[in-house]
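The values are calculated or read from the model by the stated rules, or taken from the named source; none is laboratory data. Predicted model, so just to flag it, every value in this text is computed and none were measured. Here Cβ is always computed from backbone atoms with ideal geometry, including for glycine, and neighbour counts include all displayed protein chains. Side chains are part of the model used for accessible areas, which takes the heavy atoms of the whole protein and leaves out ligands, DNA and RNA. Shrake-Rupley method; radii C 1.70, N 1.55, O 1.52, S 1.80 Å.
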Amino acid sequence: MRIGFIGLGNMGAPMARNLIAAGHDVMGYDTVARPEDIPLADSAADAAKDAAIVITMLPDGKILRAVADDIHPAMVEGATHLDCSTVDVDSARTVADGAGARGLLSLDAPVSGGIGGAQAGTLTFMVGGTEAAYAAAAPLFDVMGQKAVYCGASGNGQAAKICNNMILGATMIATCEAFGLADKLGLDRQAMFDVVSTSSGYSWSLNAYCPAPGIGPQSPADNDYKPGFAAELMLKDLRLSQMAAEAVDADTPMGQRAMELYAQFVEDEGGKGRDFSAMLPRFSAKGRS
Ligand code: NAD
């Protein structure tokens, strides 16, 4: 299949390589990155023309809207715009409306699985859009990922992603503050893990990604909190969930507090570039505030 791929950064480049390895004819474009092993066009519109599917993997909704304005007029009628970036729900729906008005199919399909999942082709896609668009892109989900979940109308993929990550941010903080409390109460971290990981306080944050080094499965805590999933990316997603909550008048106080704590950590406490589980040393170092 002829595929345009716009945004060849940490995630986009390995996703494009997996498509090439599966035999697809990929034409890429990025304003900065110039990977030597991916065929490159001179502009986003050039990468998009003649493609059956154009994938975008971009930093935010504003850039996505601008790129969509460039590529939609160049795409052939009936082609599919598959956006895999994590962006605000409103941008996803605006881009989908613009595509529909030009006779194009479109999907918002943000991913989880990170750079490792992008390289290994084991991403999970959360997908919003029409069923026809989903059917058109399904073979590519199989190449770039191990799972795709159809979530309904346009924007619902982004909605699923930010709801998941709002839970993730809040549970990671709850887990880290509980370890900090356990330390001060003289409860051994291994004992705490052994109890909670098999009791009702268990979660993915504790059981699969334990923020305490040397305890539980291998995690970024065992690698001096190198990401992994960087704290600033968690902050980006929590800002998106709060923006969405405000837009629809949803009450999300835990998401709000998680966003504030990650903002403080990233912007004032040196957390940028550290894994999001580095909230544990942050809590251990602080007293009550
Ligand atoms: P990145 O910054 O490494 O890549 C983005 C790329 O887009 C860059 O190479 C940049 O030059 C390019 N770009 C910016 N503006 C452009 C334009 N107008 N035209 C063409 N290219 C342009 O970011 P990433 O880590 O690859 O993340 C991409 C998206 O995936 C983000 O929305 C992010 O939130 C999401 N995501 C990232 C991860 C992760 O672990 N990195 C995990 C899940 C989701």
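The single residue among LEU64, LEU58 that is outside any loop (DSSP other than H, G, I, E, B) and touching a helix residue (DSSP H, G or I) at 6+ places or on another chain (Cβ under 7 Å) turns out to be LEU64. Condition first: part of a loop (DSSP other than H, G, I, E, B), surrounded by fewer than 17 Cβ atoms within 10 Å (Cβ to Cβ), acidic (Asp, Glu) and at pLDDT 95 or above. Can you find one or more residues in segment 253-267 that meet it? The answer is no; no qualifying residue exists. The requirement of being open to solvent by 60 Å² or more (accessible area, probe 1.4 Å), more than 9 Å from the ligand (Cβ to nearest atom) and not hydroxyl-bearing (Ser, Thr, Tyr) is not satisfied by ASP108. ASP60 meets each of the listed conditions (1) within 11 Å of the ligand (Cβ to nearest atom); (2) open to solvent by 20 Å² or more (accessible area, probe 1.4 Å); (3) in contact with a strand residue (DSSP E or B) (Cβ under 7 Å, 6 or more places away or on another chain); (4) of a type in the set (Asp, Glu) apart from (3).
Exactly one residue out of PHE141, PHE125 is open to solvent by less than 10 Å² (accessible area, probe 1.4 Å), modelled with pLDDT of 95 or more and in a strand (DSSP E or B), and it is PHE125. Kindly indicate whether any position in segment 84-107 is in contact with a Cys (Cβ under 6 Å, 6 or more places away or on another chain) and more than 17 Å from ILE20 (Cβ to Cβ). No; the residues of segment 84-107 include none that is in contact with a Cys (Cβ under 6 Å, 6 or more places away or on another chain) and more than 17 Å from ILE20 (Cβ to Cβ). Within segment 253-267, is there a residue that is on the phi > 0 side of the Ramachandran plot and out of contact with any helix residue (DSSP H, G or I) (no Cβ under 8 Å at 6 or more places or on another chain)? Looking for residues that are on the phi > 0 side of the Ramachandran plot and out of contact with any helix residue (DSSP H, G or I) (no Cβ under 8 Å at 6 or more places or on another chain), one finds none in segment 253-267, hence no.
Being away from the ligand (no atom under 13 Å from the Cβ) and surrounded by 21 or more Cβ atoms within 10 Å (Cβ to Cβ) is the filter here, so list the residues in segment 83-94 that pass it. Passing the criteria: only VAL89. When segment 67-82 is filtered for residues that are open to solvent by 10 Å² or more (accessible area, probe 1.4 Å), among the small types (Gly, Ala, Ser) and either within 12 Å of the ligand (Cβ to nearest atom) or assigned to a helix (DSSP H, G or I) (or both), only ALA74 remains. Every test in (1) surrounded by fewer than 23 Cβ atoms within 10 Å (Cβ to Cβ); (2) touching a residue at least 12 places away in the same chain (Cβ under 8 Å); (3) within 14 Å of the ligand (Cβ to nearest atom); (4) part of a loop (DSSP other than H, G, I, E, B) is passed by ASP46 save one, and that test is (4). For segment 144-162, taking the residues that are in a strand (DSSP E or B) and of a type outside the set (A, V, I, L, M, F, W, C), the one that is nearest to ALA92 (Cα to Cα) is identified as GLY152. Would segment 165-187 turn up any residue that is among the hydroxyl-bearing types (Ser, Thr, Tyr) and under 21 Å from the mean Cα position of the chain (by Cα)? For segment 165-187, residues among the hydroxyl-bearing types (Ser, Thr, Tyr) and under 21 Å from the mean Cα position of the chain (by Cα): present. Go through (1) within 23 Å of MET75 (Cα to Cα); (2) within 16 Å of the ligand (Cβ to nearest atom) for PRO139 and report which single condition fails. Going through (1) within 23 Å of MET75 (Cα to Cα); (2) within 16 Å of the ligand (Cβ to nearest atom) one by one, PRO139 breaks only (2). Return the residues of segment 112-122 that are in contact (Cβ under 8 Å) with a residue 60 or more places away in the chain, open to solvent by 10 Å² or more (accessible area, probe 1.4 Å) and within 8 Å of the ligand (Cβ to nearest atom); say none if nothing qualifies. Within segment 112-122, GLY114, ILE115 meet the criteria. Close contacts from segment 55-69, counting a first residue that is free of Cβ contacts under 8 Å to residues at least 60 places away in the same chain and farther than 12 Å from ALA45 by Cβ and a second that is more than 10 Å from the ligand (Cβ to nearest atom) and among the aliphatic types (A, V, I, L, M), with Cβ to Cβ under 7 Å and a gap of 6+ residues or different chains, come to LEU64/VAL95; ARG65/VAL95.
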